[in-house]
Number of protein chains: 2
Amino acid sequence: MKLATYKDGSRDGQLVVVSRDLATAHYATGIATRLQQVLDDWNFLSPQLQDLTTTLNQGKARHAFPFDPAMCMAPLPRAYQWADGSAYLNHVELVRKARGAEMPESFLGDPLVYQGGSDDFLGPCDDVPVASVDWGIDFEAEIAVITGDVPMGATPSQALEGVRLLMLANDWTLRHLVPAELAKGFGFFQSKPATAFSPVAVTPDELGDAWKGGRVHLTLQSSWNGRKVGVVEAGPEMNFHFGQLIAHIVKTRHLRAGAIVGSGTVSNKDASHGYSCIAEKRALEMIEQGEAKTAFMQYGDTIRIEMKGRDGHSVFGAIEQTVVEPA
Amino acid sequence: MKLATYKDGSRDGQLVVVSRDLATAHYATGIATRLQQVLDDWNFLSPQLQDLTTTLNQGKARHAFPFDPAMCMAPLPRAYQWADGSAYLNHVELVRKARGAEMPESFLGDPLVYQGGSDDFLGPCDDVPVASVDWGIDFEAEIAVITGDVPMGATPSQALEGVRLLMLANDWTLRHLVPAELAKGFGFFQSKPATAFSPVAVTPDELGDAWKGGRVHLTLQSSWNGRKVGVVEAGPEMNFHFGQLIAHIVKTRHLRAGAIVGSGTVSNKDASHGYSCIAEKRALEMIEQGEAKTAFMQYGDTIRIEMKGRDGHSVFGAIEQTVVEPA
């Protein structure tokens, strides 16, 4: 089942179910108006949405309409929790190496997770307002899951059972604000503006065999200004699977329904796969040529992030955003 | 006006208005069932709650009942944003000094703010389950505000206008998990379990003259196992007022209605005022005696946090919690 949230002028939008091929959609009116409602009461509401989805996929839904990703807010336009991991250690290693720092051995067993802001997400096609291009504007293409309730102390395999939906994320980062901010010791804040998510969130069964061991074994594609810069395998090099990331999060507290957990920038050791964020490209240049040559994003720059299933069709729809000066 | 959220078995509880003296309460049914609803539509709903409050304060509300803080969830049982500052630099300086580190000059102009988890708050009288007493269990007595929408780029004085409600917070911290976590560079996560809030959240006018320049000029009292350990002035030594903290937060993103912003541990230079967290007491011992002698909290330990108005009455009701082993 694929779910999206249509813009209607309200803070939380209107829940729609979307057909498997992303061609048509149908309002979930009568079942639920908002996605958070469904997550709060998953066992009761999700089978009803599944029934509607089946009817829609069969072309028999009465009030189906063409699905338009530009009408979408983030599947959860605001959430009670956004915790983003950094599960692809190649990314961590690369970025550190470029600044002459080793990755600590402990990172192999203890995942990096930062607490993100979750009150103001961007829709998949929303412009990205940034007050200054001097801040080092960068995209980060990621996979994210939305969970149900996961109790404190859950093991990785228990935690994995809490995964309700998957989506893509663009975890916008202002690179030049990062060093001073991390030096203060309290983690990211101003360096992480609003995150964007894919048009639809999908249940794990939509991925078939590609969802295995808490990882998505598909290719994440990123195109910057129309040029494909990343064709990165999301499965094999994810050092911590989603169950492990969630278990890390619930060590000292509960995770509640509607929590979003991110994978961090999807990254491959083999550089021929390209990159899912500009920082990696610059890190490689630094290591190989002594200086970073690729500039960060400018006003008017576009980024497209998408993942195709084994059948060649887009699973989540595309994130397609433009960096703009604030109005 | 004073607002609270009564436990009813649901995730968001039931909104009640509470009398000025915290003696009686009245369900807000017919106006709004949840506090987030009110924050989403403040200009329309808050005058109606104000009318009900006036009737309640006059003793004329028909279905008033005795107010019981033990029935309360956090005013917002879950929120879309919890950003906690560290606005009392004496606290920062002290804790750093104890470990032989200077406070950087830049901290005087650039506030520390960390992103907290907001999907699972504790009510004012809820037990605090912690899996191990070896984690260094500590309370942190703070003031927090709940905001309306504050746009990206707002100035401190504009940001201050976004303050809708004030409350107290107990920002539980697992001290022994902090050093390793901060060394990873991504900020707090496991070291910050669920935060608790006071029984009621109040509009700024309830504070009268004590709310001035974005600061609360009243005394925050903390009692640990029944012994008063802190009688700390919250006003004069708050280096960044709430407008400045919020302006810091909105440098690169919008803040949305229902966001909670904390002051950080309330702290005074004059140690005779005591402390609002054990870490400060231990820091002083370290500086003066070469070693920390006061142990952190044990199972069964209690903490009571309260603030009295100039009339001697409790403004927010008391946070009264017990540390327990998880069930």
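Work the Kirkwood hydrodynamic radius out for chain A: mean of 1/r over every pair of different alpha-carbon atoms, inverted, in Å. Don't skip to the answer; put the middle values down first.
Details: mean 1/r = 0.0503 Å⁻¹.
Taking every pair of different Cα atoms in chain A, averaging 1/r and inverting gives 19.9 Å.
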- line: Per DSSP, the loop-located trypsin sites (Lys or Arg not before Pro) within the stretch A:25-87 having at most 10 other beta carbons within 10 Å are A:60, A:62
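Restricting attention to the stretch B:236-327, which chymotrypsin sites (Phe, Trp or Tyr not before Pro) occupy a DSSP loop and are surrounded by at most 14 other Cβ atoms within 10 Å?
Sparse-neighbourhood loop chymotrypsin sites (Phe, Trp or Tyr not before Pro): B:299.
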query: Efficiency by 1/(1 + (r/R0)^6): what FRET value for residue A:161 and residue B:157, r their Cβ-Cβ distance, R0 = 60 Å, to the nearest 0.05?
result: 0.80
query: Copy-to-copy spacing for residue A:176, label 7 Å out on the Cα-to-C-beta vector, in nm, shortest first?
result: 4.4
message: For residue A:294, place a label point 7 Å from Cα along the Cα-to-Cβ direction in every copy; what are the distances to the other copies, in nm, shortest first?
response: 5.2
query: Under unit Cβ charges (Lys, Arg +1; Asp, Glu -1), what dipole magnitude, rounded to 20 debye, does the stretch A:178-234 have relative to its Cα centre?
result: 280
query: Taking only C-alpha pairs under 8 Å that are 6+ residues apart, what is the relative contact order of the stretch A:93-233 in percent?
result: 21
task: For the stretch A:98-106, take each phi angle, set θ = phi - 60°, evaluate the Karplus expression 6.51 cos²θ - 1.76 cosθ + 1.60, and give the result in whole Hz per residue in order, putting x for glycine and proline.
output: 5, 9, x, 10, 6, 8, x, 3, 4
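Based on the Cα coordinates of the stretch A:75-148, what is the per residue volume of their convex hull in Å³? Could you put the intermediate results ahead of the total?
On the way: hull volume 9.6 nm³, N = 74.
Taking the convex hull of the Cα positions in the stretch A:75-148, it is 129 Å³ per residue.
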task: Work out how much length residue B:133 to residue B:55 would gain on full extension: take 0.36 nm times their residue separation and subtract the Cα-Cα distance, in nm to one decimal.
output: 23.4 nm
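Averaging sequence separations of C-alpha pairs under 8 Å and six or more residues apart, then dividing by the length of chain A, give the relative contact order as a whole percent. Don't skip to the end; give the middle numbers.
On the way: 805 pairs, mean separation 75.5, N = 327.
Here the relative contact order equals 23 percent.
Rounding to the nearest 20 debye, state how big the charge dipole of the protein assembly as shown is about its Cα centre with +1 on each Lys and Arg Cβ and -1 on each Asp and Glu Cβ. If you can, show how the numbers build up before the last one.
Details: 58 positive and 78 negative charges, 89 e Å.
Charge dipole of the protein assembly as shown: 420 debye, to the nearest 20.
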- request: Report the one residue of A:71, B:173, A:276 whose Cα lies farthest in the direction of the positive end of the charge dipole of the protein assembly as shown (charges on C-beta: Lys and Arg +1, Asp and Glu -1; origin at the Cα centre).
  value: A:71
- request: Using only Cα atoms, locate the centre of the stretch A:120-179 and the centre of the stretch A:104-119, then give the distance between them in Å, rounded to an integer.
  value: 13
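I want the antiparallel fraction of DSSP beta bridges within the stretch A:1-145, as a percent rounded to 5.
Close to 100 percent.
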query: Looking at A:22, A:39, A:5, which one has the Cα that reaches farthest to the positive end of the dipole of the stretch A:1-46 (charges on Cβ: Lys, Arg +1; Asp, Glu -1)?
result: A:22
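Net charge near residue B:191, counting Lys/Arg +1 and Asp/Glu -1 over other residues with Cβ under 12 Å of its Cβ? Write out the running numbers ahead of the final one.
Details: positive: A:251, A:253, B:175, B:184, B:192; negative: B:138, B:140, B:171, B:181.
That sum, taken over residues with Cβ under 12 Å, equals +1.
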message: For a Förster distance of 41 Å, can you work out the FRET efficiency between the beta-carbons of residue B:228 and residue B:102, rounded to the nearest 0.05?
response: 0.80
field: Neighbour net charge for residue B:14 - beta-carbon separation under 10 angstrom, K R +1, D E -1
entry: 0
query: Among A:43, A:225, A:90, whose mean-square fluctuation peaks in a Gaussian network model of chain A (Cα, cutoff 10 Å)?
result: A:43
Nearest-to-axis residue of chain A, judged by beta-carbon position, where the axis maps A onto B, in Å: A:187, 1
message: I need the inter-copy label distances for residue A:66: point set 7 Å along Cα to C-beta, values in nm with one decimal, smallest first.
response: 6.6
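Check each of the GluC sites (Glu not before Pro) in the stretch A:145-237 and keep only those in coil by DSSP with at most 16 other C-beta atoms within 10 angstrom; list them in order.
On the way: sites: A:161, A:181, A:206, A:233, A:237; in loops: A:161, A:237.
The qualifying sites are A:161.
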query: How are the Cα pair distances of the stretch B:227-327 distributed, in percent, across 5 Å bins from 0?
result: 2, 9, 14, 18, 18, 16, 13, 8, 2, 0
task: Please name which of A:232, A:143, B:121 has its Cα lying farthest along the dipole of the protein assembly as shown towards the positive end, using unit charges on Cβ (Lys, Arg +1; Asp, Glu -1) and the Cα centre as origin.
output: B:121
- line: GNM of chain B, Cα pairs under 10 angstrom: of B:286, B:297, B:73, the biggest fluctuation goes to B:286
query: What number, rounded to the nearest 500 deg cm²/dmol, is the helix-based mean residue ellipticity at 222 nm of the protein assembly as shown, given -39500 (n - 2.57) per DSSP H run of at least four residues and division by all its residues?
result: -5500 deg cm²/dmol
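Placing unit charges on C-beta atoms (Lys and Arg positive, Asp and Glu negative, everything else neutral), compute the dipole magnitude of chain B about its Cα centre in debye, rounded to 20.
Values: 29 positive and 39 negative charges, 56 e Å.
Once rounded to the nearest 20, the dipole reads 260 debye.
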query: In whole Å, what is the distance between the alpha-carbon centres of the stretch B:180-225 and the stretch A:263-327?
result: 39
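By DSSP, what percent of the beta bridges with both residues in the stretch A:76-324 are antiparallel, rounded to the nearest 5?
Details: 40 of 46 bridges.
Taking every DSSP beta bridge within the stretch A:76-324, about 85 percent pair in antiparallel fashion.
Average projected area of the Cα convex hull of the stretch A:2-67, in nm²?
On the way: hull surface 16.5 nm².
Quarter of the Cα hull surface area: 4.1 nm².
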field: the protein assembly as shown: translational diffusion in µm²/s, Stokes-Einstein, Kirkwood Rh over Cα pairs, 20 °C, 1.002 mPa s
entry: 84
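Report the semi-axes of the equivalent ellipsoid for the stretch A:128-170 in whole Å, largest first, where each axis is √(5λ) for an eigenvalue λ of the Cα gyration tensor. List each step's numbers first, then the result.
Details: eigenvalues 221, 25, 16 Å².
One finds semi-axes of 33, 11, 9 Å for the stretch A:128-170.
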task: Rank A:77, A:66, A:104 by mean-square fluctuation in a GNM of chain A with C-alpha springs under 10 angstrom and give only the top-ranked residue.
output: A:104
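Read-outs throughout are calculated quantities, based only on the coordinates presented, and are distinct from any laboratory measurement. In this text, all values refer to a predicted model and were calculated from it rather than measured experimentally. Counting neighbours? That spans all protein chains shown, and the Cβs are built from the backbone with ideal geometry, glycine included.
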